[in-house]
């Protein structure tokens, strides 16, 4: 089962340009290590599935094999983000590509970065799709209304673990650049698939990133 899933994920990563062909073997071996596998053979992928379904099956396998302790939202989010972190290009690569595209067209550069954030599952497209959105006319003009259904409710198991976990001040906030590549805890989300772009504004250094919630 896991052999098939790794083939599916690698097929996705190559098609979405997350992984270069030259890095295919390296990333495949990294996935094998994550799932405690020592054997692998390539399989032809004829029917493509959405990323969320592949990751769910991988988490189910990890639970069955004792790689993760339970199927709570936080545990599976920490694990599938770890998976995607293995596929997401290194920060230096992302910044170099962004800079190259930006030198030609700034909008194309931000489009590239936004698409990368979705392809790497930093922006969880499947969850965002659950949000309810509509426009209503008012005396003050049309108003966009959004009901955020994409953020899962906290599992009581996760609440208990977060309360018992050792407290840490690192990263110091949810938006700080130190989140890039952070493995996460029960009280702080995993960010192995987060990439940020350094920018200078009025002589000060900032780091561009998209919201994983796609705030409107």
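Brief remarks on what is shown
- Secondary-structure-derived ellipticity at 222 nm for the chain, considering helices only, amounts to -13000 deg cm²/dmol, per-run term -39500 (n - 2.57) for DSSP H runs with n ≥ 4.
- Rounded, prolate or oblate (a/c below 1.5 giving rounded, otherwise prolate when a/b exceeds b/c) for the range 144-216 by Cα gyration tensor: oblate
- Note on the chain: along the principal axes its Cα atoms extend 61, 47, 39 Å, ordered by decreasing extent.
Each reported figure results from applying straightforward, stated rules to the coordinates on display, with no laboratory input. Just so you know, these numbers come straight off a predicted model, no measurement behind them.
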